[in-house]
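The values are calculated or read from the model by the stated rules, or taken from the named source; none is laboratory data. Being a predicted model, the structure only gives us computed values, none of them experimental. Here Cβ is always computed from backbone atoms with ideal geometry, including for glycine, and neighbour counts include all displayed protein chains.
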Amino acid sequence: MVLRFGFVVNPVAGIGGPAGLKGSDEVAFEAAEKGYEPMALQKAERFLARLKQVAHPGSIRIFTAPGVLGGQATAATGWKTGSLGAESFDDDPFATDREDTKRAAAAAVELEMDLLVFVGGDGTARDVVDAVGQDIVVLGVPAGVKMFSECFAETPEAAADLLAQIAAPPFKEGDPVQWLEGDLLDLDEEAYRQGRVEPRSHGVVRVPDSKHVMAAKCPLSAGSDTSGVVGGVVERMSEVPDALFVLGAGSTLMAIKQALEVEGSLIGVDVVEKDGSGRPWRLVVRDVDAHALEEQVIAAQQAGRPVVLVLAPLGGQGSVIGRGTGPLGPRVVEAALPENVWVAATREKLASLRDGVLYVDAGDAALNQRLPAFLRVITGPGREKLMRVAKQ
Amino acid sequence: MAGREVKPLVKKQQETQGADVGPSMKEALARLRLDVPLLASVGTFRDHEPQDVGVPQAYRRDSVPAVPVLAEFEAVRHYTHLSNRNFGIDKGIYPLGSCTMKYNPKFAEVAAGFEGVARLHPEQDPSTVQGALQLLWELQESIKQIVGMDAVTLQPPAGAAGEFTGLLIARAFHAENGEEETRDEVLVPDTAHGTNPATAGMCGYKVVEIPSTEEGEMDLDALKAALGPRTAALMLTNPSTLGVFESNILEVARLVHEAGALLYYDGANLNAILGRARPGDMGFDIVHLNLHKTFATPHGGGGPGAGPVGVRSRLARFLPTPVVSREESPDGARFDWQEVGPDSIGKVHGFNGNFGMLVRAHAYIRRFGAQGLRAIADTAVLNANWMKSRLKPYFVAPHRELVKHEFVLSASRLKKERGVRTMDIAKRLLDHDMHAPTVYFPLVVDEALMIEPTESEPLAELERFVDVMVKIVEEDPQTVTSAPHKTPVGRLDEAWAARKRVLSWQEAARRIDEVAPESTTAE
């Protein structure tokens, strides 16, 4: 009846935020020089202290890397732990680097842990997933500057509650932890520091299925059920059988691609159309680049066919079309105006957008002016919600 | 109760065969407790010899029915015990936002129990039920005055049924204009009750949600962008579920009508404006009421309800049929059922709805009168604002400062700083014999607590509620997150309950044995 999880702290996570540096990847020294303290250890201790309170005694066993990578925080909160590796580390947080995170994460897979918990932000999430891929379920304790990825609990305490819930009966040793796929997102920190928001998808992370959490609200943005949204989009797509559909990236769109039974790409843009023979839908181009997409769109327009863009807002941030959306150039967006820019998202995802608006940047000032002031977001079959558009 | 076996009754077949009592019958009789008053009082074995009433062999029972055999006192104790474990408005404050859980006054129960009310049959000739028809007619008239509409049906048996009726009327209106196919969208604000989109969907409409502004009002720009030749209706409650009065309502009505659509009033929050403002004067075309909210009839729980619908004169001919009519004659007024006509949407319920509920609402309206109803609204609004101002320092209070009958707080800061969520507060309130407010609704507010004290509660009780809320905010988070501690059943594993549903008593009995064999005799 014991849940075993690997635990690793990115000790410098979050240091760049208060320093106004929008991320900590390469600027930890700079932030430290400005006199900022890393907050990650404190967050780690909050998580562990809460876990001590809420978990059934003996239901959880933690395996961690030593020192600032985890051992220090577990010792401070009175946890006896197993080891993720014998390497010894300096107590100076700035002497560790991302290779330590990766080594600890890989060890958790090696030791067949049920779950991997890390303390950090988007950058740490990427390091973890770099090391473990989809071999283990991952939960993030939020401690970073940017946390766009769909693998974070809302607070350190919420992460502890979620774990306690997973480890509670009827969980038995050897039960696989139920998981969902979440988007692994990160910004280009250099661009972000210069004021541009360009989150990109960096693949998929397995996160605990939020049904383990109390019913009313889940701490993971990936937890909301997209099946209604998928049904709503597919229903609407069927109403315009002659259209050329440009399907964007991300997990919501991936679910749509799966429902259409096409071998679409998770992190790329795909072109899809109605197929007369056999399968109902046909993949025209997978993971299309800007030039090929423009050619497809021009050809469709010349044939008098409507061009429909189906996109999803980035969780938390709300960007629908931006410079980070890869192959969607002005020519493509223009072809879909005014009515055929479709956005798909759950009502929960819309409610959690921090600015309450959708961000659209078609890459051309004149074109941006022609974008509608509101977009209708498909939230389910026969259900839409109007969202205000902020043009960048 | 928990330890009792379920004891079957005697086989009916053998019983009717009189003297031929076989071994299994003897066994069954031995298990029966023939001395119990309940069985005697309903006239079973002890008092009456079983008689052959000629039920053909093929229709007789082979097996004994699996029902418990209990003495009357056991049954009474059982239900009294259950009622003590339950929480109701007769036990304490029940500030469930948007549900208007006001006290159900007993004078209304008395009125509903009058011989001449409770013992009528709906098929009786109108000449023999003039009083009942007069009561219904007067209620129709009262509702017309209260909401400012021209015609009313009392037929719909619940609030949601009233909504459905209202939208069927809207659809009939558009169909008459040849726009049934083209007007296929119903607009709702993002704070709408779940029943609004559900009703629209059930009527075959697509649902388009309109976002709210930071003030909590509907975003007028978004409304303008959404309105068009596809719009059938805008469904709105005013004040909204945030307790915020839509100050642009006249402009909203103008825009909706300009687009050729109808404006629908969800009466859920009428309690806030009784005697102060009327949906009809705001420009609404169709109104449904929840008598169990505004007019204090008991809340459903699956029982009978009433959701009257009022409309403007141009929509009156679409109402469900019949309505009650009044005709002057030399012998005084005559009341009768009146068919609505060929344009009626038909019937939405048998006869004229749930009469008992209509009687209670009529009694309530008559008891308070116009001045009293206005005082009810004023008190409800005052109570909500008083309570909001007392609780505001401890929570995040989004939207406008002054509200109507209810207000929404967010426990987001508490969650962030102390790990205490809205659900934990709700559970902890039970330890103080108080029902929780509405939680996690509306969806647009993070960690929402939606509180509606109503006018029923005395100041002392409102103060006690505020004190308890403050205590919960300030006490040890561990105590709150593991609450409730004093209820007969502690915190439930909701994930487990949702995944492994037990929906029949046989299954429950099996599970109890399986999960905790000793607990069946423990209580």
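What residue, of B:449, B:503, B:443, B:459, is under 30 Å from residue B:68 (Cβ atoms) and of a type in the set (A, V, I, L, M, F, W, C)? Walk me through how you get there before you give the answer.
Details: B:449 fails: under 30 Å from residue B:68 (Cβ atoms); B:443 fails: under 30 Å from residue B:68 (Cβ atoms); B:459 fails: under 30 Å from residue B:68 (Cβ atoms).
So the residue among B:449, B:503, B:443, B:459 that is under 30 Å from residue B:68 (Cβ atoms) and of a type in the set (A, V, I, L, M, F, W, C) is B:503.
Please work out which residue is nearest to the other protein chains (Cβ to nearest Cβ), limiting yourself to the range B:410-421 and to residues that are closer than 25 Å to residue B:237 by Cβ and surrounded by fewer than 24 Cβ atoms within 10 Å (Cβ to Cβ).
Initially, the range B:410-421 is screened for residues closer than 25 Å to residue B:237 by Cβ, giving B:410-412.
This time we only want the ones that are surrounded by fewer than 24 Cβ atoms within 10 Å (Cβ to Cβ), so: B:410, B:412.
Values: B:410: 12, B:412: 9 Å.
Among those that are closer than 25 Å to residue B:237 by Cβ and surrounded by fewer than 24 Cβ atoms within 10 Å (Cβ to Cβ), it is B:412.
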TODO: Would you confirm whether any residue within the range A:316-329 is closer than 19 Å to residue A:233 by Cβ, out of contact with any helix residue (DSSP H, G or I) (no Cβ under 9 Å at 6 or more places or on another chain) and of a type in the set (Val, Ile, Thr)?
DONE: yes
TODO: May I ask you to list the residues in the range B:219-230 that are surrounded by fewer than 20 Cβ atoms within 10 Å (Cβ to Cβ), within 11 Å of chain A (Cβ to nearest Cβ) and not hydrophobic (A, V, I, L, M, F, W, C)?
DONE: B:221, B:224
- [ ] Please state which of the following conditions residue B:207 fails to meet, knowing it meets all the rest: (1) within 11 Å of chain A (Cβ to nearest Cβ); (2) surrounded by 24 or more Cβ atoms within 10 Å (Cβ to Cβ).
- [x] (2)
TODO: Among the residues of the range A:286-304, write down those that are assigned to a loop (DSSP other than H, G, I, E, B), buried (at least 16 other Cβ atoms within 10 Å of the Cβ) and at pLDDT 90 or above.
DONE: none
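Mind checking which helices (runs of 4 or more DSSP H) fall wholly inside the range B:1-119 and carry at least 2 residues that are touching an Asp or Glu at 6+ places or on another chain (Cβ under 9 Å) and at pLDDT 85 or above?
Details: elements: B:12-16, B:23-31, B:37-41, B:72-85, B:106-113, B:115-118.
Here the list is empty.
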Open item on the list: It is to be established whether one or more residues within the range A:228-247 are under 30 Å from residue B:427 (Cβ atoms) and either at pLDDT 85 or above or within 14 Å of chain B (Cβ to nearest Cβ) (or both).
Closed with: yes
TODO: Restrict the check to the range B:499-506 and report whether at least one residue is closer than 30 Å to residue A:156 by Cα, part of a strand (DSSP E or B) and modelled with pLDDT under 95.
DONE: no
- [ ] Within the range B:184-202, work out how many residues are more than 10 Å from chain A (Cβ to nearest Cβ), touching a Phe, Trp or Tyr at 6+ places or on another chain (Cβ under 7 Å) and not β-branched (Val, Ile, Thr).
- [x] 1
Open item on the list: All but one of (1) more than 14 Å from chain A (Cβ to nearest Cβ); (2) under 25 Å from the mean Cα position of the chain (by Cα); (3) part of a loop (DSSP other than H, G, I, E, B) hold for residue B:443; state the number of the condition that does not hold.
Closed with: (1)
- [ ] Could you please tell me which pairs satisfy a Cβ distance under 8 Å, a separation of 6+ or placement on different chains, a first residue in the range A:352-375 that is closer than 28 Å to residue A:150 by Cβ and within 14 Å of chain B (Cβ to nearest Cβ), and a second residue that is assigned to a strand (DSSP E or B) and of a type in the set (Ser, Thr, Tyr)?
- [x] A:358/A:319
- [ ] Filter the range B:154-183 down to residues that are touching a Phe, Trp or Tyr at 6+ places or on another chain (Cβ under 6 Å) and either surrounded by fewer than 23 Cβ atoms within 10 Å (Cβ to Cβ) or within 14 Å of chain A (Cβ to nearest Cβ) (or both), then give me how many there are.
- [x] 1
Task: Residue in the range B:453-483 that is farthest from the chain's Cα centre (by Cα), counting only those that are surrounded by fewer than 17 Cβ atoms within 10 Å (Cβ to Cβ) and assigned to a loop (DSSP other than H, G, I, E, B) - done: B:476
Task: Qualifying position, being assigned to a loop (DSSP other than H, G, I, E, B) and at pLDDT below 95, among B:402, B:414 - done: B:402
Open item on the list: Restricting to the range B:430-440, and then to whatever is surrounded by fewer than 24 Cβ atoms within 10 Å (Cβ to Cβ) and of a type outside the set (Ser, Thr, Tyr), can you tell me which residue is farthest from the other protein chains (Cβ to nearest Cβ)?
Closed with: B:433
Task: Check on residue A:116, more than 14 Å from every other protein chain (Cβ to nearest Cβ) and among the hydrophobic types (A, V, I, L, M, F, W, C) - done: yes
Open item on the list: Which pairs turn up if I take residues in the range A:130-159 that are among the basic types (Lys, Arg) and look for partners that are assigned to a loop (DSSP other than H, G, I, E, B) and surrounded by 24 or more Cβ atoms within 10 Å (Cβ to Cβ) with beta carbon separation below 9 Å, at least 6 apart in sequence or on another chain?
Closed with: A:146/A:23; A:146/A:121
Task: Candidate set: the range A:231-243, residues that are without any contact (Cβ under 8 Å) to a residue 60 or more places away in the chain and part of a helix (DSSP H, G or I); chosen: the one farthest from the chain's Cα centre (by Cα) - done: A:239
Task: In the range B:154-177, the residues that are touching a Leu at 6+ places or on another chain (Cβ under 9 Å) and in a loop (DSSP other than H, G, I, E, B) - done: B:154, B:155
Open item on the list: Which condition from (1) modelled with pLDDT of 90 or more; (2) at negative phi is the one that residue A:78 breaks?
Closed with: (2)
Open item on the list: Could you list, ordered by first residue, the pairs with Cβ atoms under 6 Å in which the first is in the range A:46-65 and crowded, with 19+ Cβ neighbours inside 10 Å and the second is outside any helix (DSSP H, G or I) and among the basic types (Lys, Arg), at least 6 apart or interchain?
Closed with: none
Task: Evaluation of residue A:319 against (1) within 14 Å of chain B (Cβ to nearest Cβ); (2) closer than 30 Å to residue B:441 by Cα; (3) not hydrophobic (A, V, I, L, M, F, W, C) (one fails), failing number - done: (1)
- [ ] Would you be able to say whether some residue in the range B:177-188 is under 23 Å from the mean Cα position of the chain (by Cα) and modelled with pLDDT of 95 or more?
- [x] yes
Open item on the list: Among the residues of the range B:201-216, what is the count of those that are over 25 Å from residue B:168 (Cα atoms) and either among the small types (Gly, Ala, Ser) or in contact with a Pro (Cβ under 9 Å, 6 or more places away or on another chain) (or both)?
Closed with: 4
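Any idea which of A:69, A:51 is modelled with pLDDT of 75 or more and either under 23 Å from the mean Cα position of the chain (by Cα) or within 14 Å of chain B (Cβ to nearest Cβ) (or both)?
Details: A:69 fails: either under 23 Å from the mean Cα position of the chain (by Cα) or within 14 Å of chain B (Cβ to nearest Cβ) (or both).
Just one listed residue meets the conditions, A:51.
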TODO: Give the number of residues within the range A:154-187 that are among the hydrophobic types (A, V, I, L, M, F, W, C) and away from chain B (no Cβ under 11 Å).
DONE: 8
TODO: Please tell me if residue B:233 is within 11 Å of another protein chain (Cβ to nearest Cβ), surrounded by 24 or more Cβ atoms within 10 Å (Cβ to Cβ) and either in a loop (DSSP other than H, G, I, E, B) or at pLDDT 95 or above (or both).
DONE: no
Open item on the list: As an exercise: evaluate residue A:257 against (1) assigned to a helix (DSSP H, G or I); (2) in contact (Cβ under 8 Å) with a residue 24 or more places away in the chain and give the number of the one condition it does not meet.
Closed with: (2)
